[in-house]
1. Where does each of A:150-159, A:228-237 land if you order them by average Cβ count within 10 Å, highest first?
2. Counting only other chains, and only Cβ atoms inside 10 Å, what mean value do you get across the residues of B:492-503?
3. Take the eigenvalues of the Cα gyration tensor for the stretch B:36-152, scale each by 5, and report the square roots as semi-axes in whole Å, largest first.
4. Calculate the translational D of the stretch B:347-457 in whole µm² s⁻¹ from Stokes-Einstein, where the hydrodynamic radius comes from the Kirkwood formula applied to all Cα pairs, the temperature is 20 °C and the viscosity 1.002 mPa s.
5. Test of understanding: express the Cα radius of gyration of the stretch A:133-214 as a ratio to 2.2 N^0.38 Å, with N the residue count.
6. Specify the inter-centroid distance of the stretch B:321-378 and the stretch A:229-281, based on alpha-carbon positions, in whole Å.
7. Quick one: angle between helix A:196-214 and the longest Cα principal axis of chain A, in degrees between 0 and 90, rounded to 10, please.
8. Angle, helix B:48-58 long axis vs. longest principal axis of chain B, Cα atoms, 0 to 90°, nearest 10?
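Where a number appears in this text, it was derived from the coordinates with a stated rule and is not lab data. What you see is a predicted model; the values in this text were computed from it and never measured. Glycine also receives a Cβ, built like all others from the backbone with ideal geometry; neighbour counts cover every protein chain displayed.
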């Protein structure tokens with residue numbers, strides 16, 4: 001672990017890797033073989049890869065070598081003529097023809113604690129309600145898919161659980177199923193003596209009790225509790241989703257946590273999960289920015305490039321939207337600890353798939369990288385674009401919260417037209 | 001004359017299930033009603049402060065309020081909050097049958113003065129103050145013993161906190177306090193500074209390490225460094241002869257320098273200083289004159305100037321508004337399910353208390369009563385707001401009711417400890433587990449157990465370890481909100497130990513039920529044991545039907561039903 005990393009729960013994940021609910025799996029606890037490459041559904045899906053703490057745009061998508069704030073790394077050419085990225089991303093540079101990069105994100109919040117939820121909720125105007133996270137919104141707007149898996153799964157380091165708060169005003173059941181370290185809990189296995197029929201009978205009694213208790217009471221807690229059991233039942237039926245990765249997969253994606261978590265996310269998408277959010281922490285490089293990015297960027301470069309290549313080849317990229325982003329970028333100015341601080345003013349993100357135009361770089365920052373020079377975009381534009389790509393029209397679709405109509409995305413913005421085919 | 005709100009009186013009358021009559025609303029009856037209310041105060045033993053708390057809450061409810069909790073709901077709630085466990089079926093029956101109008105007040109006194117009380121408070125504050133951090137420098141048993149004896153003797157809260165910060169290992173009684181400073185992760189002064197600010201002052205000053213808080217004006221970088229200056233000389237050291245850990249202080253030489261990452265050219269400095277307090281001057285001694293006692297036995301010398309000792313005194317002073325308000329806010333949260341200031345660690349002007357006058361009143365009274373914890377919990381337990389039903393008032397939809405209005409009781413999730421104690425009690429294994437001594441070389445750990453490498457825990461310490469690992473948060477993450485997880489559901493569904501506890505056996509719940517001939521009685525016993533109430537007719541019928549359908553496997557069917565009750569939301573929620 002790096003000595004300068006922040007330690008807040010917002011951008012560091014807990015130490016519970018071996019103990020507790022999501023404890024490591026023993027040999028033989030996973031049984032079924034996996035049919036990983038079978039594409040089970042043609043529905044549109046989203047994989048959001050989130051680099052928590054804020055990846056530096058200057059050490060990734062928008063390098064400015066040789067300028068005042070450029071830092072020590074060079075830039076390298078890509079498969080797009082005239083487009084360069086940081087030399088820390090050699091693999092992604094070879095996949096740029098499938099990707100769209102926005103270099104002119106300009107958002108408002110420079111705090112992790114408020115910035116992360118603000119970005120993940122699409123920063124709608126303050127409506128006096130808590131908006132759902134993108135995954136919860138999608139889960140609500142697209143409705144239940146025909147597979148047995150939850151609509152919204154969150155692959156993250158540390159502990160797992162059911163994070164119902166992501167549902168916002170939509171309600172607890174739209175929350176995220178978090179898989180700590182990408183793994184299922186060990187109690188996915190039933191002990192002898194409990195078969196499907198017995199299990200069903202006892203759960204039916206439990207559900208009847210919950211239903212009668214809920215009558216006349218605040219329902220959020222009961223619903224969330226009940227839902228945690230529903231998800232448990234579903235997962236028991238799908239143990240095959242968590243089989244070990246092959247040496248070849250680990251070679252291509254990396255055996256470090258981010259590589260494994262992207263592999264696990266890939267598997268969940270391929271099994272038909274509507275929305276998967278894959279988190280990586282420790283990107284908050286207030287000190288020693290360059291060594292940290294030297295260490296961190298390759299951990300996303302390789303698996304991200306492998307994912308794009310694999311899904312392009314299998315055709316899945318036509319239906320799945322991949323979004324790679326943080327809550328903001330990092331300051332052009334290098335501080336006295338050789339760090340870069342929080343910078344929402346001008347940063348980059350990448351998108352691919354799901355019918356979006358490919359091989360594009362949109363927007364421009366000033367020569368020193370400090371400000372947006374052209375085509376400024378807010379997170380609201382990104383939400384509009386994602387909704388459009390998912391066949392949801394924000395101009396005709398709205399939420400209804402106890403009778404109050406609410407826009408699904410910031411109503412001052414619209415989609416990024418250049419990205420829409 | 002007492003000014004009494006009509007709604008208050010109607011609610012009180014409701015306790016006797018009397019129909020409110022129109023005449024109650026007329027002014028001529030005000031006097032009678034006021035007298036009645038005074039009688040009620042006497043009958044219920046309601047402290048005058050409890051009444052003032054209710055007035056301040058009810059002045060802001062802005063709508064219909066739920067009626068009082070039923071006896072059963074009140075009984076279960078106060079057992080869980082004050083004793084950390086559900087009542088037994090016998091306790092339920094006896095409380096429901098008791099005709100004494102003062103039985104609630106009597107129960108509160110009883111629950112505040114038994115052994116389970118000090119255990120429950122020890123558990124609640126261990127989770128709150130250590131946040132499940134572990135570490136081997138100071139055995140957890142020492143910490144437990146310090147907290148439990150402190151709560152048992154009703155040591156004033158300011159003294160408990162003072163002793164934790166003083167961390168005096170030379171005294172057997174306070175040896176365990178060192179756990180706070182030496183728990184895993186806290187040996188870094190940064191973490192310690194943040195945790196002291198968060199837990200004792202209600203300030204999350206994480207951001208203030210690198211710069212003033214960007215959105216909270218009150219949380220300054222100087223607050224962080226001022227607090228750090230009290231703590232940065234402290235570290236653990238071992239007394240070689242006694243083989244015992246002490247928390248020692250180095251020699252402080254001056255102020256701490258800091259700069260904001262937003263303006264790295266402007267340097268600033270601060271000495272030991274509490275947020276909102278006066279800076280303590282760091283005395284400069286001649287070289288060689290800094291110590292009052294020389295180094296010995298592996299411990300460094302004791303400096304004349306010991307900032308942590310000053311912090312212990314200043315932080316816990318009755319004049320430190322932040323400390324007092326944070327304290328009452330956390331006791332309020334324990335009883336009511338949310339803080340008057342919420343989140344608990346965001347106590348600042350831009351996030352004011354839901355009821356600022358109430359927070360102020362509680363803080364003043366807590367000081368006036370010399371930080372008496374039992375007194376405070378007793379006062380809170382005797383309020384109407386604590387004794388409110390969890391059922392919504394008729395005709396009101398939940399969307400109208402915010403949790404901070406306290407118009408209905410806010411449901412709390414059972415803590416991991418409450419879950420463990422309650423499931424053990426319900427299934428009837430509690431006595432045998434308590435009696436079983438933990439072998440010195442137990443070596444139990446949860447990872448090995450759930451991966452099938454070692455046998456199930458059979459003693460209290462190891463069993464609690466299993467439950468807190470499954471139901472608790474990772475170390476360093478506060479447990480405040482109800483966060484059900486699929487992993488916990490899977491544990492309840494598929495953990496062999498739980499299912500074994502639900503098999504018939506001597507002294508076990510299912511063994512007891514199996515022997516009963518009258519199935520109606522089985523239903524009553526099931527509901528009283530697990531949910532601390534009687535079943536409705538519909539529920540009894542549901543159970544009888546289940547038995548009938550499974551008449552060939554009756555014991556297993558009873559066990560299934562008990563499992564469903566234990567895994568129901570009604571059991572998991574402290575409502």
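1. Details: A:150-159: 25.4, A:228-237: 19.8.
Order by mean packing, descending: A:150-159, A:228-237.
2. Numbers: counts 5, 13, 11, 3, 6, 1, 1, 5, 2, 0, 0, 1.
Across B:492-503, the average partner-chain Cβ count within 10 Å equals 4.
3. Equivalent-ellipsoid dimensions as semi-axes: 33, 19, 14 Å.
4. Reported coefficient: 112 µm²/s.
5. On the way: Rg = 15.2 Å, N = 82, 2.2 N^0.38 = 11.7 Å.
Ratio of Rg to 2.2 N^0.38 Å for the stretch A:133-214: 1.29.
6. Their Cα centres are 45 Å away from one another.
7. The angle comes out at about 80 degrees.
8. Around 80 degrees separate the two axes.
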